[in-house]
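Since the structure comes first, as structure tokens, the remarks are kept for the end.
Read-outs throughout are calculated quantities, based only on the coordinates presented, and are distinct from any laboratory measurement. On a predicted model such as this, the values are computed, not experimentally measured, just so you know. Every residue, glycine as well, gets a Cβ built from its backbone with ideal geometry; the counts of neighbours run over all protein chains shown.
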Amino acid sequence: MSDSEPRFADFMAASWARLYRTAYLLTGDPHEAEDLLQTVLAKTCVRWGSIRDKRAAEAYVRRGLAREVQRTWRRRGREVVTDSLPDPGHAGALATRADHLALWQEIRNLPPRMRATLVLRYFEDLTEAQTADALGCSIGSVKSQTHHALVRLRAALPDLELAKELP
């Protein structure tokens, strides 16, 4: 490792908040999100020396989050998260308006794969190809999951102004 390459501790400190947000949006639970992120960061730490492009490390971890959460779906089956949202310190702008809360509740009710597709596409602003790569599926599957998720959200929130703004 050269002196110009970032250390893992520096990377983790700089990226923790963004990666935690992604993990939370993927799991819908603050405790599961922290466990998920710690698991993936531990695996990343072990492989830190073999990651050639340290500037892409955040994408590497994000892909690890998506893949690790998929493993839990297979083990656990479909699960509907019913706990309330965390305090506004974790939810950020989503908790500031009632319509955002309603939308978020409906997103949490989506099946895990649809929720993960929406999180990666719209919250993380990944392309369809990047989302497909992160989830280990085809671009067509990403398009289909996104379409079906948005149809469900529009149907569940017909009177909500945000539902009309959904892509």
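Let me check I've understood the local charge: for residue 43, count other residues with C-beta under 14 angstrom from its C-beta, Lys and Arg +1, Asp and Glu -1. What total comes out? Each step should come with its number before you reach the end.
Numbers: positive: 47, 62, 63, 67, 71; negative: 35, 68.
Spelling it out: positives minus negatives among the neighbours equals +3.
At what distance in angstrom do the alpha carbon centres of the stretch 9-43 and the stretch 45-65 lie from each other?
13 Å
Determine, for 123, 11, the number of other Cβ atoms within 10 Å of each Cβ, and report the residues in order from fewest to most. Don't skip to the end; give the middle numbers.
Working: 123 14, 11 22.
The fewest-first ordering by Cβ neighbours comes to 123, 11.
Give, as a single signed number, the net charge of other residues whose beta carbon lies under 14 Å from the beta carbon of residue 132, with Lys and Arg counted +1 and Asp and Glu -1.
Summing Lys/Arg as +1 and Asp/Glu as -1 gives +3.
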